[in-house]
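As structure tokens, the structure follows; a few thoughts come after it.
The values are calculated or read from the model by the stated rules, or taken from the named source; none is laboratory data. Keep in mind that this is a model prediction, so the values were computed, not measured. So basically every Cβ, Gly included, is an ideal-geometry build from the backbone, and we count neighbours across all protein chains shown. Ligands, DNA and RNA are stripped out before the accessible areas are found, and what is left, the full protein with its side chains, is counted by its heavy atoms. Shrake-Rupley method; radii C 1.70, N 1.55, O 1.52, S 1.80 Å.
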Amino acid sequence: MEYRYDLNEQTLYIDENRIPAYSLEKNEIGNCTSCDSILVSLSYHAVGENIAVITKCASCGAFYVNIYDSDWNWMDEVRVTLLPIPIPISNPVVDSWEELKAVPIKKLEAVFSKGEIEALFARAKDKAPVRQYLYRARKKYELFEEIFDLRLEL
């Protein structure tokens, strides 16, 4: 059997069967077979008459599924494969007045001058900004995105 685990959804997959967690309680479950450190439970799953507990080693970070019978007698331990976590391709885009208004002013002030911020808001409201300030602000878009993971497109 192939055991796979989705960290985002706390869901266990055994072959093609999806088994959601019934508990996310954190407990010390035992010792890691790789490094002998503590295993901590991440989630509990009902698998027929058995219980599958997803664990993570507190030291080496290895993931296991520990199988118990209905009386909590240990039966088996198997390494579990983690499903890939999707990574967003790009940062959120700020391209309207409402979205720009939602950006904390401290973030804007960290990169842009007062005049540049005023030009950004004027542009977002479709008003005529001071061209020079808007030009300078646009040269700093990449730095702003690098620091705050927000892409400005004004």
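Relative contact order for the chain: what is it in percent, counting Cα pairs under 8 Å that are at least 6 residues apart?
Relative contact order of the chain: 15 percent.
Name the aspartates and glutamates eligible as straight-distance cross-link partners of residue 56: C-alpha to C-alpha under 18 Å, and not fewer than 8 places from it in the same chain.
In chain and number order, the partners are 2, 6, 9, 25, 28, 36, 76, 77.
Restricting to Cα atoms and excluding each atom paired with itself, what does the Kirkwood estimate give for the chain in Å?
Averaging 1/r across every pair of different Cα atoms and inverting gives 19.3 Å.
Give me, ordered by chain and number, the residues 5 or more places off residue 7 or on other chains with an amide H under 5 Å from its own placed amide H.
83
Given a 1.4 Å probe, how much area per residue of the chain is accessible, in Å²?
64 Å²
For helix 114-124, what angle does its Cα long axis make with the longest principal axis of the chain, in degrees from 0 to 90 and rounded to 10?
Tilt of helix 114-124: around 80 degrees.
Rounded to a whole number, what is D in µm²/s for region 3-82 from Stokes-Einstein with the Kirkwood radius over alpha-carbon pairs (10 °C, 1.306 mPa s)?
Calculated translational D: 128 µm²/s.
What do you get for GluC sites (Glu not before Pro) in region 64-154 restricted to DSSP loop and a cutoff of at most 12 other Cβ within 10 Å of the site's Cβ?
Qualifying residues, ordered by number: 153.
I'd like the chymotrypsin sites (Phe, Trp or Tyr not before Pro) in region 67-154 restricted to DSSP loop residues with at most 15 other Cβ atoms within 10 Å, sorted by number.
72
Of all DSSP beta bridges located in the chain, what percent are antiparallel, nearest 5?
Around 90 percent antiparallel, to the nearest 5.
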